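Written below as structure tokens is the structure these notes are about.
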Amino acid sequence: MSGIQGKRDLFSSKFGIIAAAAGSAVGLGNIWKFPYIAGVYGGAAFLFVYLGFIIVVGMPVMLSELIIGRKSKRNAFGAFKVLAPGTPWKYIGILSVAAAFLILSFYGVVAGWGIEYVFISLKNGFSGNSPEEIAAFFTAFNHDPIKPIVYQLVFMLLTAAIVIVGVKKGIEKYTKILMPLLVIILLILCARSVTLDGAKAGLTFLFNPDFSKLTGDGILSALGHAFFTLSLGMGTLITYGSYIDKNNNLANTVLSVTLADTLIAIFAGIAIFPAVFAFGIEPSEGPGLIFVTLPNVFSQMPGGFIFSVLFFILLTVAALTSAISILEVVVAYFKEEFKMSRKTSTIVATILISILGMLCSLSLGDLSSVHIFGLNIFDAIDWVSANVFLPVGGLFIVLFIGWVFGKKKVKAELSDGSKIPDIFLNVFIFLVKLVAPLLIAIVLLNKVGLLNF
Ligand code: PHE
């Protein structure tokens, strides 16, 4: 263990910490999922509920994870062994590692589609196609047994190449370059979108709430999405927290990361909805919104070719900085708990996750007849990880901080990097002890059908 404690590879700067954590948070969740679920659940009304959950549940869970990580200086499993030795709390860590495994398997597949779309855009492959042809292309492509797997593997290799180098020289270095790049591309796309004729309807849809459109299911999805988008409930921020030094003001880090993630989701909405409305397309398209609707928009838009290239590069970059953080959860676990080198753990984790990812990809085509609880492998893994693993993980994490770790130690840990006002501490403890657990429990019971709205 001594090597792990003594020479822990730490983030080297405040910006590096924020770039890495915001890089984790900003991903397919912001650019692929947020716009389409906001589209399905009525736009602005969904946005407001989601923002509420981000504040009362998301931020407290994020701070709890960072505290657990920094205090223990261990991976998501080892952290609980250090902080609550000899108790079953460590199994929360196992749940986290399992969730990372599952999420990265399908995440890599969707990110691979993003890479394929960069190449198609470069060849200007969507121009002149009818909406039906573009939709048919997407279905044929993701049903193909080979191509999406090749792209998924390319994406997994890129992710592994960064993780294998380490925390400072790999994760921090690359997220510090990729995140500003992402912001620049996104702002260019926003500028293009809002200057299209007819863009205003899209902005109204995104910012003018019509609460009659908000269903119970929409409210529940808003909470689930708050977890997913902030990378919570599966030890990502426990792992990253373990690479943060004592002097960092964790509360400020939480605020910066949450703000960055939320603003980027809103900007993704601004880049997408005005364009969608300007070309008279339905905003409630669902998961195909960016792979089917947007290529349509781009093919009709002046200069659409270049914006299409930029958009899919943006998507791939965002997915990459998130995938790094997911892989790191598994790598840190293998490395510290099985005493493997970083190199071996990265290779083993990447191979295992890629195999599961191939099954996810095949389950859309050749393996579509294989069903788990009535869903194909891809959907089953997506469903169980987002709806069960993340909320359960998050629930136990806040319960641990609120009831086991306790206010005194929280105060000591947070006072390291800053002065903590009592009121802040009291509100935080109230949120993690009662509000967040209750809200998560309600959502969870509803998702599994034990409670019905
Ligand atoms: N937050 C990432 C996104 O929005 C996904 C993610 C989930 C990353 C869980 C890490 C852990 O795409």
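The values are calculated or read from the model by the stated rules, or taken from the named source; none is laboratory data. Since the structure is predicted, the reported quantities are computational estimates derived from the model, not experimental observations. Here the Cβ is made from the backbone with ideal geometry for all residues, glycine too, and neighbour counts use every protein chain on show. Side chains included, ligands, DNA and RNA excluded: accessible areas come from the protein's heavy atoms. Shrake-Rupley method; radii C 1.70, N 1.55, O 1.52, S 1.80 Å.
Some points to look at:
- Here the 3J(HN,Hα) profile of the stretch 142-153, calculated from phi with Karplus coefficients 6.51, -1.76 and 1.60 at θ = phi - 60°, is 7, 8, 5, x, 10, 3, x, 6, 4, 5, 4, 5 Hz, Gly and Pro shown as x.
- Of the solvent-accessible surface of the chain, computed with a 1.4 Å probe over protein heavy atoms with every protein chain present, carbon and sulfur atoms account for 69 percent.
- Accessible area of the stretch 65-163 divided out per residue, in Å², using a probe of 1.4 angstrom: 37
- Taking other residues whose beta carbon is less than 14 angstrom from the beta carbon of GLY29, and scoring Lys, Arg as +1 and Asp, Glu as -1, yields -1.
- Furthest towards positive pole of dipole, LEU352, ALA199, GLY280, structure part the chain, Cβ charges: LEU352
- Cα centroid separation - the stretch 359-413 against the stretch 224-241, whole Å: 10
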